[in-house]
Number of protein chains: 2
Amino acid sequence: MPPETTTPNSSRRSERSRRAILDATYGLVMEKGYAKLTIEAIAARAGVGKQTIYRWWPSKGAVMFDAFFDAAYSGGEDIALPDTGDIEADLKAVLRATVDEYNDPEYSARLRALNSEVLADSQLSAELFDRMLAPGLAAYRTRLEAAQQAGQIAAGADLETAVELLLSPIQYRWQLGPGPLTHAFADSIVDIVLPGLRPPHPEG
Amino acid sequence: MPPETTTPNSSRRSERSRRAILDATYGLVMEKGYAKLTIEAIAARAGVGKQTIYRWWPSKGAVMFDAFFDAAYSGGEDIALPDTGDIEADLKAVLRATVDEYNDPEYSARLRALNSEVLADSQLSAELFDRMLAPGLAAYRTRLEAAQQAGQIAAGADLETAVELLLSPIQYRWQLGPGPLTHAFADSIVDIVLPGLRPPHPEG
């Protein structure tokens, strides 16, 4: 154990620097956008040397990931969809809430930075997926499985594709802009996707 | 008319420089990825000064857009979906081809650069949409309208959302990686989406 990392003082100082770096990164991305983020600017705002940043993170993308995680995903483990017994109503409620989230400027800026970095550096996409997306997709899947057991969705339905069909049009519209992100759009997604998941004789 | 832009020689030289800049940009993105692209590197490879680049384009994103357009979208105006009269078979054929395209490393690298830049600079998303996406979405829409007239799709179906439901899961899986981009995935998209677009009594 190297002494400089184990004394209580240096450990506290390390944690303070780490916190300052993450806060500086978050603030800079929100104010100026991710494209303009530099390690120099983070170091200046955090009051640390560039070497301190590079000691903990290999790139600005890596710092940004941790900054956004710290800010947004604490406590996100217990994510679950509502279950009122009405799969159509529950999916519409949660997709409307998702639309509201994408329309929030701060959420959108954060997502923009994360997705841009993932596209520029394909190594990061597995990390983004595991840390951010997988828990959300699993929550949808759990809700669809409950509907399946309630006989509202066919036993053989491809739930993996179904979950992506529900979520991907919102990301697509947000990212590429073919139309406005509205509650009507969220409802329409459910109205088109759900019939393809129903049992052959829903009344039978 | 300023003489330095109208003599045949300077106009040919301009066109040669423009071409060299676009080719250099395309090559650099393909070889090193978009994140590592710099105006300096483009200038060095194209054998021009940085000022020559900045005279025509405001940013590396703008050069990249034009480079990728020149390389990929000449003649893309007459885009149309197959129409064999069988909407299910036609959609599966074209979505399978789309999956193949996203799986092509060169196409994927190009799309990665474009999408990353659009996310980093939201001003560009309208341009990406108008130049790249709108013609493709319109082609899907035209095919769905033909199916509508043939009685295979309901008169009141929301075709705008339908088109995005067909295309967005492929972009989503490619970009965020929840699963493999296969022909089976393409088929499954159509199998789930199409029932929600059918007329109330398809056999009636």
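The values are calculated or read from the model by the stated rules, or taken from the named source; none is laboratory data. All of these numbers come straight from a predicted model, not from anything done at the bench. All Cβ positions, even for glycine, are placed from backbone atoms using ideal geometry, and neighbour counts span all protein chains on display.
Starting from residues that are among the β-branched types (Val, Ile, Thr) and within 20 Å of the chain's Cα centre (by Cα), keep the ones in the range B:13-33 and report whichever is surrounded by the fewest Cβ atoms within 10 Å (Cβ to Cβ).
B:Val29
If the Cβ limit is 7 Å and pairs must be 6+ apart or interchain, which residue in the range A:103-129 that is of a type in the set (Phe, Trp, Tyr) pairs with which residue that is not in a loop (DSSP other than H, G, I, E, B)?
From the range A:103-129, the pairs are A:Tyr107/A:Glu101; A:Phe129/B:Leu176.
So that you can scan it fast, the table gives a plain yes or no per residue for (1) modelled with pLDDT of 75 or more; (2) away from every other protein chain (no Cβ under 14 Å); (3) in a helix (DSSP H, G or I); (4) over 30 Å from A:Ala126 (Cβ atoms):
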position: A:Glu4; (1), (2), (3), (4): no, yes, yes, yes
position: A:Ser11; (1), (2), (3), (4): yes, yes, yes, yes
position: A:Ser14; (1), (2), (3), (4): yes, yes, yes, no
position: A:Arg19; (1), (2), (3), (4): yes, yes, yes, no
position: A:Ala35; (1), (2), (3), (4): no, no, yes, no
position: A:Ala43; (1), (2), (3), (4): yes, yes, yes, no
position: A:Tyr54; (1), (2), (3), (4): yes, yes, yes, no
position: A:Ala71; (1), (2), (3), (4): no, yes, yes, no
position: A:Gly85; (1), (2), (3), (4): yes, yes, no, yes
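Name the residues in the range B:115-129 that are more than 9 Å from chain A (Cβ to nearest Cβ) and within 13 Å of the chain's Cα centre (by Cα), would you? Even if it seems obvious, please write down each step before you answer.
First pass over the range B:115-129, keeping only residues more than 9 Å from chain A (Cβ to nearest Cβ): B:123-124, B:127.
B:Glu127, the sole residue that qualifies.
Which residue is farthest from B:Trp174 (Cα to Cα), if the candidates are limited to the range A:168-181 and must be more than 7 Å from chain B (Cβ to nearest Cβ) and either surrounded by fewer than 18 Cβ atoms within 10 Å (Cβ to Cβ) or at pLDDT below 95 (or both)?
Residue satisfying both the conditions and the ranking: A:Pro180.
Considering every residue within the range B:91-100, establish whether at least one is within 9 Å of another protein chain (Cβ to nearest Cβ) and of a type outside the set (D, E, K, R). Break it down into steps so the answer makes sense when it comes.
Pass one, the range B:91-100, residues within 9 Å of another protein chain (Cβ to nearest Cβ): none.
Within the range B:91-100 (the criterion being within 9 Å of another protein chain (Cβ to nearest Cβ) and of a type outside the set (D, E, K, R)), the answer is no, since none of the residues qualifies.
Would you be able to say whether some residue in the range B:170-183 is in contact with a Phe, Trp or Tyr (Cβ under 6 Å, 6 or more places away or on another chain), free of Cβ contacts under 8 Å to residues at least 40 places away in the same chain and assigned to a loop (DSSP other than H, G, I, E, B)?
yes
Residues B:Ala138, B:Ala150, B:Ala162, B:Ala157: which one is out of contact with any Lys or Arg (no Cβ under 8 Å at 6 or more places or on another chain), surrounded by fewer than 16 Cβ atoms within 10 Å (Cβ to Cβ) and without any contact (Cβ under 8 Å) to a residue 60 or more places away in the chain?
Of B:Ala138, B:Ala150, B:Ala162, B:Ala157, the one residue that is out of contact with any Lys or Arg (no Cβ under 8 Å at 6 or more places or on another chain), surrounded by fewer than 16 Cβ atoms within 10 Å (Cβ to Cβ) and without any contact (Cβ under 8 Å) to a residue 60 or more places away in the chain is B:Ala138.
Kindly indicate whether B:Val193 is part of a helix (DSSP H, G or I), farther than 22 Å from A:Ala113 by Cβ and facing another protein chain (nearest Cβ under 7 Å). It would help to see each step written out before you state the result.
Numbers: part of a helix (DSSP H, G or I): yes; farther than 22 Å from A:Ala113 by Cβ: yes; facing another protein chain (nearest Cβ under 7 Å): yes.
Yes: the conditions hold for B:Val193.
Run down B:Ala184, B:Ala146, B:Ala157 and say which single residue is more than 10 Å from chain A (Cβ to nearest Cβ) and farther than 16 Å from A:Tyr172 by Cα. Let's see the steps before the verdict.
Values: B:Ala184 fails: more than 10 Å from chain A (Cβ to nearest Cβ); B:Ala157 fails: more than 10 Å from chain A (Cβ to nearest Cβ).
Within the list B:Ala184, B:Ala146, B:Ala157, the selection yields B:Ala146.
Checking B:Gly61 against (1) touching an Asp or Glu at 6+ places or on another chain (Cβ under 7 Å); (2) outside the structural domain of B:Leu165 (by TED's automatic domain parsing); (3) loosely packed, with under 13 Cβ neighbours inside 10 Å, which test does it fail?
(3)
Whether any residue in the range B:94-115 is part of a loop (DSSP other than H, G, I, E, B) and among the small types (Gly, Ala, Ser) is what I want to check.
no
Among the residues of the range B:160-191, how many are more than 15 Å from A:Asp158 (Cα to Cα) and aromatic (Phe, Trp, Tyr)?
The number of residues fulfilling the criteria is 2.
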